[in-house]
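Report on the following structure.
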Amino acid sequence: MAESSLYSLMQRVLEICTFITSIGDFKTHKKECSTLIRRVKLLIPLFEEVRDLKLTISEEDLACFNALEAALNNAKILLLLCNTGSKLYLVLEQQEVAKQFLLLAAAFRQALNKPLSLDISDEVREQVDLVRNQFQRSKSLEDPLDAHLNSELLSVLSETHDCSKDKLKGLADMFKFDTARALMKELQALDGMKFYMGLHEGVPSSTWALDGIPINERGFDQLYALLNDLRSLFPSEELEQDGPELKKLQIAQRAGVEKASMQPASPDAGIDKGVLNIPDDFKCPISLDLMRDPVIIATGQTFERLCIQKWLDSGKKTCPKTGLSLPHTHLTPNHVLRSVIAEWCTLYGVEMPKKRAKGSQCSPEDKAAIDELVKKLSSPLSEVQRNAAYDLRLRAKKNVDHRSFIAEQGAIPLLVRLLHSPDQKTQEHSVTALLNLSINESNKGRIMTAGAIEPIVEVLKSGCMDARENAAATLFSLSLVDANKVTIGGSGAIPALVALLYDGTSRGKKDAATALFNLSIFQGNKSRAVQAGVVPPLMKLLEEQPVTMLDEALAILAILATHPDGRSVISAVGPTPIWLKIIQSESPRNKENAASILLALCSYDPEYAKQARETNAAELLTALATSREATNRAKRKATALLDLLKKQGYEDVDRRVEGLNM
């Protein structure tokens, strides 16, 4: 299997895992949900290691990962339903839902049935064996509360006449339907499940992804009727204010002959925000609307692409939510959140917001001006070319619609040609215009097709400092597409980026570091970076005062430490105390990376492990493994390193590991 394809598979699997581990606060089957999530977390190191290492994968191993991807997708659906589905329906079908968890365990067990032939670390292999054994021992975990709710619900539904108000009140209390709004949310959840399970008109039942849960049409009718009865518990004023959708609920009594007239929302109807509560995490902090194209900015906050782009185009250099300064303005698609929003929209029967339609929205005046500027790029006069490139640079920076139209008018090949200009200012304006155009995802492909990489690398090597910095930033932007990492890595860009890391300005070093980090995610580029001499300047940045690029340097070194060439050079120039100092006093993410580097070095070099023992690593690693502030990955790395030192016979470490396991 091609390395890039394997990388893409692992990325997809890790996105599913990220989505799964983000789900919480389940309405029913809480034990099964938490157990499943815990086991999925244990598999994450396997997927990370396979993604980060250059491994040859057999057909059997590929079949295993494909089966795991399918099982994880089904786990995602089941967990989402237990999180956002109708509590009434989940309780009504309690036993059938429980069976789904057992079927999922069987699917995971089958996928992991044969030991992997991959050359993975002992730590990861042991965790995979642990998960396999846990799935083999899976059994039904009935929750007494779910069983009690099921019994009470069946009792109410079995009534052939109206329940007393006291009995309805008791049921509402047990299900926490204490307000009209809570009851309205349950109605919306029931509508969503009905839509998702294919009971609404025009959607076949085969769209239901989990085969084992029965499509209980009579159950839906009973629950709609029950919700109709529960309306009587709330005064009409409260229903009018907090439960408008409940006012529309017209259902015959359970003994009647009509079905619910209340239909799920049409996919064409959009979202009525006055009725359906959109989770806050799904709203853009700027527009407060449901996001259709969420992107992540440098501070880690997520916004709707169009809204944050307008914010940046207006000249602002801070995060709208936190107020922090932005070290760069690159936008990274938040695929995980978009997937979650898509699942939510599907569950509630509403149309997933579409991304901005392709094509430009420029005014006729702007189109005419851009058309004229593109023509000037071919002028025989170098001053005319330079000025045209500068104007296009500004337009591409300030306006998202201009980016599309500039590319549509054929400017990209002409700008690439101008990168060969002997005039350094023309080079600078051209490469910066390409950088600004590359923010548009479709333009990345156009730039690559125009053969831009080689001339961009030449500008990176010999242009003026501003041009070199923007060339590095352009390579980073283009490398966000996985396939481009291979092309850029083989173009000679990495040595030029390392040179900028040595002699660039503060901004230039950051641009070089971000590009090197992204390129080094591809396994084949790791050795190129090491051979280009990237490790010494990174090690220098670790001890630089004042600290300016510690985060970037550690992140790159952590990736390089997964490669034999990287470990060899890092161990030669980076003594143990450097990593221990970071573990002792830096941020959680930096501690995680330092622990990861230290584990990689000690795992392949017994002398380095001995040095770690002699510098009192065990005490700091124990503190990291038990810290509440540390990331889960940092704790895993610290525990694995303590286990490694234990295997080598260090008595003091032995005692500390035993203390962790007590």
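The residues on offer are L103, L145, and the sole one that is under 25 Å from A70 (Cα atoms), open to solvent by 30 Å² or more (accessible area, probe 1.4 Å) and either modelled with pLDDT of 85 or more or in a helix (DSSP H, G or I) (or both) is L103. Might you check whether a residue that is in contact with a helix residue (DSSP H, G or I) (Cβ under 9 Å, 6 or more places away or on another chain) and closer than 17 Å to I559 by Cβ occurs anywhere in the stretch 460-477? Yes, the conditions are met somewhere in the stretch 460-477.
Of all residues in the stretch 18-45, which are open to solvent by less than 10 Å² (accessible area, probe 1.4 Å), modelled with pLDDT of 90 or more and under 19 Å from the mean Cα position of the chain (by Cα)? Answer for the stretch 18-45, where residues must be open to solvent by less than 10 Å² (accessible area, probe 1.4 Å), modelled with pLDDT of 90 or more and under 19 Å from the mean Cα position of the chain (by Cα): V40, L43. Scanning the stretch 52-67 for residues that are part of a helix (DSSP H, G or I), open to solvent by less than 30 Å² (accessible area, probe 1.4 Å) and modelled with pLDDT of 90 or more turns up nothing.
Selection over the stretch 476-505 of residues that are closer than 22 Å to L541 by Cα and crowded, with 19+ Cβ neighbours inside 10 Å gives a count of 9. I want to confirm something. Restricting to the stretch 106-120 and keeping residues that are of a type in the set (G, A, S) and within 25 Å of the chain's Cα centre (by Cα), which single residue is least open to solvent (accessible area, probe 1.4 Å)? Checking each candidate, the answer is A111.
When the stretch 614-629 is examined, which residues are found to be over 16 Å from N590 (Cα atoms) and not in a helix (DSSP H, G or I)? Answer for the stretch 614-629, where residues must be over 16 Å from N590 (Cα atoms) and not in a helix (DSSP H, G or I): T615, N616, T626.
Would it be correct to say that N518 is over 26 Å from M539 (Cα atoms), touching a Leu at 6+ places or on another chain (Cβ under 8 Å) and polar (S, T, N, Q)? Considered against the rule, which asks whether it is over 26 Å from M539 (Cα atoms), touching a Leu at 6+ places or on another chain (Cβ under 8 Å) and polar (S, T, N, Q), N518 comes out as no. Looking only at the stretch 118-151, count how many residues are under 27 Å from I57 (Cβ atoms) and among the acidic types (D, E). Residues meeting the conditions: 5. From the list N518, N470, the one residue that fits, being more than 24 Å from Q424 (Cα to Cα), part of a helix (DSSP H, G or I) and open to solvent by less than 40 Å² (accessible area, probe 1.4 Å), is N518.
Residues of the stretch 286-295 being open to solvent by less than 50 Å² (accessible area, probe 1.4 Å) and either under 11 Å from T332 (Cβ atoms) or in a loop (DSSP other than H, G, I, E, B) (or both), which ones? Show your work before the answer.
Start the filter on the stretch 286-295 by keeping residues that are open to solvent by less than 50 Å² (accessible area, probe 1.4 Å), which leaves 287, 290-291, 293-295.
Scanning the stretch 286-295 gives S287, M291, D293, P294, V295.
R132 passes every criterion in (1) open to solvent by 80 Å² or more (accessible area, probe 1.4 Å); (2) closer than 30 Å to K646 by Cα; (3) not in a loop (DSSP other than H, G, I, E, B) apart from (1).
On the stretch given as the stretch 529-574, residues that are assigned to a loop (DSSP other than H, G, I, E, B) and either over 29 Å from the mean Cα position of the chain (by Cα) or at positive phi (or both) total 7.
Scanning the stretch 394-419 for residues that are in contact with an Asp or Glu (Cβ under 9 Å, 6 or more places away or on another chain) and modelled with pLDDT of 95 or more yields one hit, L419.
Restricting attention to the stretch 594-611, the residues that are open to solvent by 20 Å² or more (accessible area, probe 1.4 Å) and of a type in the set (S, T, N, Q) total 2.
Each residue in the stretch 377-427 was checked for being crowded, with 18+ Cβ neighbours inside 10 Å, of a type in the set (A, V, I, L, M) and not in a helix (DSSP H, G or I), and 2 pass. The lone criterion from (1) part of a helix (DSSP H, G or I); (2) within 23 Å of K139 (Cα to Cα); (3) open to solvent by 30 Å² or more (accessible area, probe 1.4 Å) left unmet by L90 is number (3). Among the residues of this structure, E123 counts as one that is open to solvent by less than 70 Å² (accessible area, probe 1.4 Å), at pLDDT below 85, out of contact with any Gly (no Cβ under 8 Å at 6 or more places or on another chain) and not in a loop (DSSP other than H, G, I, E, B).
The values are calculated or read from the model by the stated rules, or taken from the named source; none is laboratory data. None of the values given here were measured: they were computed from a predicted structure. No Cβ is skipped: glycine too gets one built from the backbone with ideal geometry, and neighbour counts run over all protein chains shown. What goes into the accessible areas is simple: the full protein's heavy atoms, side chains included, and nothing from ligands, DNA or RNA. Shrake-Rupley method; radii C 1.70, N 1.55, O 1.52, S 1.80 Å.
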